[in-house]
Amino acid sequence: MKDTLVPGLVSEVAHTVDDGRAIDFMGDELRVYATPCIVHDLEYACRDLILEHLEDGQDSVGARVEIEHLKPTPMGADVRHVVTVEEIKGRSVTCSVEVHDALEKVATARHTRFIVEIARLKKAVAQKRSALDQA
C-alpha cells in the first residue's frame, strides 16, 4: 500500500438506475434501485478508490458492509455514490458511503475492505478449491 492511502480521501461514482439495478418483484411502477445493487455498486466504488493507492500485485477484498437504504430511487434516475476513506488499520480500510439521487440521500453505508497480495490469495483459493474437490 502506498502512503497516499489516507483517511479523508474522497471519490464519487455515478450510475443510472437501469433494468439490472432495479427490483422487479413488485411490478413496473415500483422498479426502484435494489439494495443488493447498491451494495454491489458501493463495493466497486470503494475498491476503485483504494486500488489507486495500492502497489502492483495488490488489490482489496470486501469484508463487511453495513447499509441503511433510506429512500426509493425509481428506474431511470441518476445516483451518485460518494465514498470517503474513514479509517485504515493495518490492511483494513473502512469507507463511508453516501448515495444520493437528484433530490435526496437515499442510502448510507460503511464498507470495510482488506488489502491482499494477489499471488497469496490465488494460492489460498487454489488450495481451498482442491480441498473442496476432495471433500
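General observations
- If you go through the stretch 1-45 and pick out every residue that is aliphatic (A, V, I, L, M), surrounded by 13 or more Cβ atoms within 10 Å (Cβ to Cβ) and assigned to a strand (DSSP E or B), you end up with 3.
- Pick from the stretch 96-114, criterion open to solvent by 70 Å² or more (accessible area, probe 1.4 Å) and part of a strand (DSSP E or B), ranking: farthest from Met26 (Cα to Cα): Phe114
- Looking across the stretch 46-57, the residues that are in contact (Cβ under 8 Å) with a residue 60 or more places away in the chain and either of a type in the set (Asp, Glu) or not in a helix (DSSP H, G or I) (or both) come down to Leu54, Gly57.
- In the set Ser130, Ser92, Ser96, only one residue is farther than 22 Å from His15 by Cβ, touching a strand residue (DSSP E or B) at 6+ places or on another chain (Cβ under 8 Å) and free of Cβ contacts under 8 Å to residues at least 60 places away in the same chain; that residue is Ser92.
- Ser60 satisfies every condition listed in (1) open to solvent by less than 60 Å² (accessible area, probe 1.4 Å); (2) in contact (Cβ under 8 Å) with a residue 24 or more places away in the chain; (3) in a helix (DSSP H, G or I); (4) of a type outside the set (Val, Ile, Thr) except (3).
- Within the stretch 63-88, considering residues that are among the aliphatic types (A, V, I, L, M) and not in a strand (DSSP E or B), the one least open to solvent (accessible area, probe 1.4 Å): Ala77
- Close pairs from the stretch 14-38: first at negative phi, partner of a type in the set (Asp, Glu) and open to solvent by less than 50 Å² (accessible area, probe 1.4 Å), Cβ under 6 Å, at least 6 apart: His15/Asp41
- Selection status of Val93, open to solvent by less than 80 Å² (accessible area, probe 1.4 Å) and touching a helix residue (DSSP H, G or I) at 6+ places or on another chain (Cβ under 6 Å): yes
The values are calculated or read from the model by the stated rules, or taken from the named source; none is laboratory data. This is a predicted model, so every value here is computed, not measured. So basically every Cβ, Gly included, is an ideal-geometry build from the backbone, and we count neighbours across all protein chains shown. The area values use the complete protein model at the heavy-atom level, side chains included, leaving out ligands, DNA and RNA. Shrake-Rupley method; radii C 1.70, N 1.55, O 1.52, S 1.80 Å.
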